[in-house]
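Okay, structure first, notes after.
The values are calculated or read from the model by the stated rules, or taken from the named source; none is laboratory data. Values in this document were obtained by computation on a predicted structure and should not be read as measured data. Cβ placement follows ideal geometry from the backbone for every residue including glycine, while neighbour counts extend to all protein chains displayed. In case anyone asks, the SASA skips ligands and DNA or RNA and just uses the protein heavy atoms, side chains included. Shrake-Rupley method; radii C 1.70, N 1.55, O 1.52, S 1.80 Å.
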Amino acid sequence: MARVIIEVVGLTAGFGDDIILRDLNFKVYEGEIFVIVGGSGCGKSTLLKHLIGLHEVKSGRILLFGKDITTAREEELMRLKQEMGVLFQTSALFGSMTLYENIALPLQEFTTLSQDTIDMLVKIKLAMVGLEGYENHFPNELSGGMKKRAGIARAMALDPSILFLDEPSAGLDPVTSAELDGLIKKINRGTGTTMVIVTHELESIFSISDRIIMLDKSKKGIIAEGRPKELKMYSPDPKVLNFFNRGAISEASRKGYKG
Amino acid sequence: MKNFKFFLYCGIHHNVPKEGSAFYSKTEENGNTVISLSGNISLFTIEEILLSLREILKEEQPKKITIDLSKVEYLDTSGALLLVRVEEEAKHSGFTLEYINMDQKIKAMMGLIDRDVLMTPQTATEKRGPGFIERVGEETVSLIKNIREVVSFGGELIYETLYSFFHIKKIRWGDVILYMKKVGVDGLPIIGLISFLLGLILAFMSSLQLKQFGANIYVPSLLSIAMVRELGPIMTAILVTGRSGSAFAAEIGTMKVNEEIDALITMGFNPVRFLAIPKVFATVIVMPFLTLFSDISAFLGGMLIGVAILDLTIYTYIQQTIKAIDVFNILISLFKSMVLAILIAGIGCQRGFTVTGGAQGVGNATTSAVVAGLFLIIIVDSIFAIVLNYI
C-alpha cells in the first residue's frame, strides 16, 4: 500500500460560532489524485484552506507526512509548506510581477541556485504548462486558462510533493477545462506528485480522480468515499447518486446495487 | 340574454409587444358572466384589468365567471400572476371561476407561478436596526478589536524589523528602492508646491501684523521656526499619508482580495516581512528628506514675499533664518518625521491586511488608513510637543 501523505483525524472546522465541517476523517496516499467533491457551500474550499494551513482548526489533527500542522512550530511549518504547492481559485498570481518573477520568486527565496539555473527552471516549468515564451508577460495579459496554467507552474516551482488545486476548471470553457485536466494528469503521472483537488465539475472528476470524498452541507461531513465510477453506479446514498447522475437518480443502478 | 361588449384601453400603443393594449368584452348568460380577454396581458396592462374585473364582481356579484383566453396575443409572468390572483380571489369570495381556451403557452407560463410563495406572508426585507445600547456595544467591541489588531500588528512589525536588521541581506532591497521612488521622488512636486505656497502665505499673513510694529525683520524667524518645528514634518506626513499610506492599504488589500496573500503564506513567505517591511523601510528612509525639502520650499516661498514685499535682502533673509533655527531643532524635526513615517506606512499596511470582502473592503481600508494615519500624526505630534517642552 502506498504511503499516507495526508491524514485528517477528527477535523472540525468553521468560522466563529459556525461549524462548517464536523469530525472529518480521511487519508490521502502518495501519488494519487484525490478529489474533494460536493455541492456549492458544502465546505470544500474551507477544507482545502485548512489542509494548507491557512485557517486554524476548531479541533482535530491534520497530519502532513506524519507531522501535525495544527501544532507544528513555525520553522517546521515553513518547511512543510515548501513541500506543497497551491493553485488558488483565482490563480493568485502576483499582479505586479511578470510570469518569470512569479515562478522565480520561491526559487530565489528558498534555494541557493544560481541565476542561470533559476532561469532554466522557470523556462522548463513554463514549457511544462504550455506557456513557453510568456516569461515577460504580466498576469493581466493572460486569459483565464493561461492564468490557471501559470498558477500551476508557480505551484510546481519548488517541485512540491503535494499539489493542492482549488477548483482548477472554474470559469473555463469545456475545451480549456479538458486541456487543464489533461495537464494535471500529465504532471501527476510524470512527477508522481500527490494531488488534492477541489471541484464539482463532473467531467473532471471522472477523467482525473483516483479517489474522491464527497462532502455534504446538511451532514457537515463526508457522505461518500471511493472511486467515482463505482459511487455513481453503486452508492447506497441517494444524494451521492443524485450528484453523480446530474440530479437524475438512476433507478436501474440503485436496483443493481440492491440486487 | 344580455350582451354587453365594452373595450378597455390600457397602456400606450407601442411597437414593443409588452406595451400593447388589452381589451375585454363581457357577455352575460343566465347569471353567468363570460369575459373574453384579448390583446396583451402584461406588466403595463394588468392593473387596469384587475380593477375592471373587481368592479364587475362588485356590481354584479355573479355566481360563475368564465374567462375566455382564446384571443390573448401576449402574456408574461405578470399576466400569469393576474390570472392566478383572480383565481385565488374567486376561491375566497365564493364564486366559481373557469378559464377556457387556455393554450399551451399560457399554461406553461401559469406553471411558473409558485402559488405557495404567494400565500406566504412577505418576508421582512427591512431589518429592524439595532437599538442604541446595542449599537454602542457593537461599536465598542469593534473599537477594542481594532485596537487589538493594530497593537498585534505593531508587535509583529517591530519583531520583523528587528529580524530584518539582523538579516540585512533578506530585505527585499529592490522593493525598498521602488517604494523610495514612489513615496519620495514621486511625492516631491506636490510637497514642494504645497510647502512653497504655505511659506508664502505664512510670510504674507504674518507680515501684515508685524508690519504694524515695524517688525518685518522677524518674518523669516517666525516662518523658519514654525516650519522646522511643526509644519514641515506635519505637512509632509499629511501628504505622505494621502499619497502613500492609502496606496499601501489599497495595494495590500487588493492582494488580500485576490488570494495573493494566501498564496504567499502557503509558499512559506511571511507576508509582513515580504510586503510591509520594504514599504516601512522605504518610507522611513525618505521621510526626513521630504521634510527637509518641505522646509526649504517654505523658506523659498517666504523669501519671495520677504524680498518682493517686505524690502528685505536675500542675505538678510537667510541670515535671520539661520539665526532663528539651530541644529537641535532640525534633528528633532527629522527624528519626528521618521517616527511619523513608521506610523503612516505601518497603519497603511495594517489596514490592507485586514481587508475582507471585495472592492468595497479595499475602499474602506484605504479611507481608514488615511483617517487613522492623520489621527496618529496629531497624537504623536502632541506627544512630541509636550515632551520637547520639558527638554
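For peptide B:264-273, what's the mean number of Cβ atoms from other chains within 10 Å of each residue's Cβ?
On the way: counts 4, 5, 13, 15, 12, 6, 2, 0, 0, 0.
For this peptide, the per-residue mean of nearby foreign Cβ atoms is 6.
Would you calculate a helix-derived [θ] at 222 nm for chain B, using -39,500 (n - 2.57) for each DSSP H run of n ≥ 4 and dividing by the full residue count, to the nearest 500?
Numbers: 15 runs with 253 residues, N = 391.
Value at 222 nm, helices only, nearest 500: -21500 deg cm²/dmol.
At 1.4 Å probe size, put A:His55, B:His92 in order of accessible surface, largest to smallest.
So the residues, ranked largest to smallest area, are B:His92, A:His55.
Work out the length of the dipole vector of the protein assembly as shown about its Cα centre, built from +1 on the beta-carbon of each Lys and Arg and -1 on the beta-carbon of each Asp and Glu, and round it to the nearest 20 debye. Write out the running numbers ahead of the final one.
Details: 65 positive and 69 negative charges, 151 e Å.
Taking the Cα centre of the protein assembly as shown as origin, the dipole is about 720 debye.
Quick one, could you list the DSSP H helices from chain B stretching 27 Å or more along their long axis (Cα atoms) with average Kyte-Doolittle hydropathy of 1.0 or above?
Details: long enough: B:132-166 (51 Å, 0.35); B:188-212 (36 Å, 1.68); B:277-308 (46 Å, 1.74); B:327-353 (39 Å, 1.64); B:359-389 (45 Å, 1.65).
Qualifying helices: B:188-212, B:277-308, B:327-353, B:359-389.
Using heavy-atom solvent-accessible surface (probe 1.4 Å) with all chains present, what is the largest-first order of B:Ser142, B:Ser221? The partial results should precede the final answer.
On the way: B:Ser142 60, B:Ser221 20 Å².
My answer, sorted largest first, is B:Ser142, B:Ser221.
What shape does the protein assembly as shown have by the C-alpha gyration tensor, where a ≥ b ≥ c are the square roots of the eigenvalues, rounded means a/c under 1.5, and otherwise prolate means a/b greater than b/c and oblate the rest?
Because a/c hits 1.5 or more and a/b fails to exceed b/c, the protein assembly as shown counts as oblate.
Determine the order of B:Phe274, A:Phe206 by accessible area, beginning with the largest, at a probe radius of 1.4 Å.
Values: B:Phe274 15, A:Phe206 50 Å².
Correct descending sequence by accessible area is A:Phe206, B:Phe274.
Need one value: the accessible area of B:Ile147 in square angstrom, 1.4 angstrom probe, rounded to the nearest 10.
Looks like 100 Å² after rounding.
Eigenvalues of the Cα gyration tensor times 5, then square-rooted: what semi-axes does that give for chain A, in whole angstrom, largest first?
Numbers: eigenvalues 209, 100, 50 Å².
One finds semi-axes of 32, 22, 16 Å for chain A.
Considering every residue in A:88-97, what mean count of other chain Cβ atoms within 10 Å of its Cβ is obtained?
Across the residues of A:88-97, the mean count of other-chain Cβ atoms within 10 Å is 5.
Can you list the chymotrypsin sites (Phe, Trp or Tyr not before Pro) in segment B:351-391 that are in a DSSP coil and have 15 or fewer other beta carbons within 10 angstrom?
Listed in order of number, the matching sites are B:Tyr390.
Mind grabbing the accessible area of A:Phe65 for me, 1.4 Å probe, Å², rounded to tens?
Answer for A:Phe65: close to 60 Å² accessible.
Give the cross-link partners of B:Lys336 among the lysines, using a straight C-alpha distance below 19 Å as the criterion and excluding same-chain residues fewer than 8 apart.
B:Lys279
What residue among B:Arg115, B:Arg273, B:Arg148 shows peak mean-square fluctuation when chain B is described by a Gaussian network model with Cα springs under 10 Å?
Residue with maximal mean-square fluctuation among B:Arg115, B:Arg273, B:Arg148: B:Arg115.
If you count, for every residue in B:252-259, the Cβ atoms of partner chains within 10 Å of its Cβ, what is the mean?
Across the residues of B:252-259, the mean count of other-chain Cβ atoms within 10 Å is 3.
To the nearest 10 square angstrom, how much accessible area does B:Phe335 have with a 1.4 angstrom probe?
Its accessible surface works out to 110 Å², give or take rounding.
For segment B:70-160, which GluC sites (Glu not before Pro) are in a loop by DSSP, counting at most 16 other Cβ atoms within 10 Å?
Values: sites: B:Glu73, B:Glu87, B:Glu88, B:Glu89, B:Glu98, B:Glu126, B:Glu134, B:Glu138, B:Glu139, B:Glu149, B:Glu156, B:Glu160; in loops: B:Glu126.
Those satisfying the criteria are B:Glu126.
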